[in-house]
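The values are calculated or read from the model by the stated rules, or taken from the named source; none is laboratory data. Predicted model only: the values in this text are computed from it and were never measured. All Cβ positions, glycine included, derive from the backbone under ideal geometry; neighbour counts span all protein chains shown. The accessibility values were calculated without ligands, DNA or RNA, using every heavy atom of the protein model including side chains. Shrake-Rupley method; radii C 1.70, N 1.55, O 1.52, S 1.80 Å.
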Amino acid sequence: MSNRLEVRNVSKRFTRKAGVLERGAEMMGLKSPNPVVRALDDVSITVAQGEVVGIVGESGCGKSTLGRVVAGLLQASEGSVLFRGKQLAEMSGEEAEEARLKVQMIFQDPSSSLNPRQRVREIIGAAPLHHGMTTGRELDDYVSRQMARAGLDPILASRFPHQFSGGQRQRIGIARALAVQPDMLICDESVAALDVSIQAQILNLFLDLREQLDLTYLFISHDLSVVEHISDRVVVMYLGRVVEEASVAELFSHPNHPYTRALLDERPSLDPVQRQFSAIEGEIPSPISPPPGCHFHPRCPMAMARCRVERPELRAVGSGHKSACHLND
Ligand SMILES: Nc1ncnc2c1ncn2[C@@H]1O[C@H](COP(=O)(O)OP(=O)(O)OP(=O)(O)O)[C@@H](O)[C@H]1O
């Protein structure tokens with residue numbers, strides 16, 4: 001399989017506006033005024049054509065930032081993103097626009113990403129019309145096809161978003177993304193707001209679309225059950241870094257990194273309300289001043305002296321299995 005996407009050594013820093021405390025500290029000559037959040041710290045991943053790669057980790061570990069950098073909604077501070085071996089920065093204007101359209105993002109809350117004043121026909125049809133993928137005359141048919149693909153009855157095209165249920169609204173968002181003929185979907189908590197039974201329907205729709213359209217997915221979720229259901233491979237992130245990656249079967253049966261093991265240990269069984277993992281001992285440190293060495297060491301039951309000073313490299317621990325932990329040495 002060829003690489004659809006390659007994220008190479010990407011870091012993303014945000015500068016937060018200084019709060020009262022920081023400004024006071026600066027006036028006393030103690031600190032720089034604007035704290036820097038290290039949302040991504042030297043992240044590298046590859047996604048093969050047709051693959052579904054799940055990105056998991058606790059809140060604030062950088063999952064959404066990674067998705068947004070890949071979708072071109074945010075610029076990386078360092079590193080590069082390559083599509084089929086080519087960097088966006090190296091492409092001509094038209095080529096770059098086409099590459100951007102090929103990567104579409106599906107967000108968590110369909111209600112806030114759909115214009116409430118637009119009818120579904122306009123929501124789905126505006127972009128393909130603008131980019132010349134259809135004509136005004138063919139628009140109704142074009143929109144109907146996208147709706148049918150996403151499991152919506154085309155007869156509903158003249159309705160407004162509020163006239164649909166949450167699951168149907170997510171289908172409108174999916175139809176809108178499909179309408180610009182993408183190769184890759186970045187799903188950022190795309191089923192998190194839905195009831196569990198509707199979640200299963202939307203996940204199955206994503207898998208069907210992958211078969212029909214040869215789509216590639218980056219699937220961001222805090223819910224391990226969702227990721228296990230849909231992914232071929234899983235990337236585990238902690239405080240802006242990738243700590244482990246493996247095939248879904250390998251990761252769930254032989255987790256290597258103590259953080260991944262803690263995530264899986266804390267995974268409650270069937271209670272959907274508790275399917276988030278927040279129960280690992282200790283607070284997540286701030287990405288403004290992450291701990292030195294291995295970011296996980298303050299919470300790691302197996303931390304050694306070395307873990308407090310030396311960053312562990314992400315290295316192979318098995319076939320297609322990588323982990324960033326000094327315990328593997
Ligand atoms: N625009 C921004 N300005 C400043 N800080 C930001 C911005 N966007 C994200 N961050 C910070 O970057 C870090 C990573 O955030 P991100 O949203 O990528 O994490 P996440 O894993 O997706 O978490 P969640 O599931 O809660 O969205 C967090 O500390 C967050 O507060």
Open item on the list: Taking the conditions exactly as written (open to solvent by less than 50 Å² (accessible area, probe 1.4 Å), within 16 Å of the ligand (Cβ to nearest atom) and within 24 Å of Y217 (Cβ to Cβ)), does I172 satisfy them or not?
Closed with: no
Open item on the list: Being touching a residue at least 40 places away in the same chain (Cβ under 8 Å), closer than 25 Å to D265 by Cα, aliphatic (A, V, I, L, M) and open to solvent by 10 Å² or more (accessible area, probe 1.4 Å): is that true of V227 here?
Closed with: no
Task: From the options L139, L129, residue that is of a type in the set (A, V, I, L, M), in contact with a Leu (Cβ under 7 Å, 6 or more places away or on another chain) and open to solvent by 40 Å² or more (accessible area, probe 1.4 Å) - done: L129
TODO: Take L152 and decide whether it is open to solvent by less than 20 Å² (accessible area, probe 1.4 Å) and modelled with pLDDT under 95.
DONE: no
Task: The listed residue being of a type in the set (D, E), more than 16 Å from the ligand (Cβ to nearest atom) and crowded, with 19+ Cβ neighbours inside 10 Å, out of E90, E122, E51, E97 - done: E51
TODO: Would you check if A99 is assigned to a helix (DSSP H, G or I), under 23 Å from the mean Cα position of the chain (by Cα) and free of Cβ contacts under 8 Å to residues at least 40 places away in the same chain?
DONE: yes
TODO: Test S64 against the stated conditions and say whether it is among the small types (G, A, S), buried (at least 18 other Cβ atoms within 10 Å of the Cβ) and either within 16 Å of the ligand (Cβ to nearest atom) or closer than 30 Å to V243 by Cα (or both).
DONE: yes
Task: Flag if S44 is surrounded by fewer than 18 Cβ atoms within 10 Å (Cβ to Cβ), part of a strand (DSSP E or B) and of a type in the set (S, T, N, Q) - done: yes
Task: Boolean, S221 is within 13 Å of the ligand (Cβ to nearest atom) and either closer than 25 Å to R145 by Cβ or of a type in the set (S, T, N, Q) (or both) - done: yes
TODO: Return the residue satisfying two criteria in turn: it lies in the range 70-87 and is closer than 14 Å to L101 by Cα and crowded, with 18+ Cβ neighbours inside 10 Å, and of such residues it is farthest from the ligand (Cβ to nearest atom).
DONE: F83
Open item on the list: Name the single residue that is farthest from V242 (Cα to Cα) among those in the range 1-48 being at pLDDT below 80 and basic (K, R).
Closed with: R23
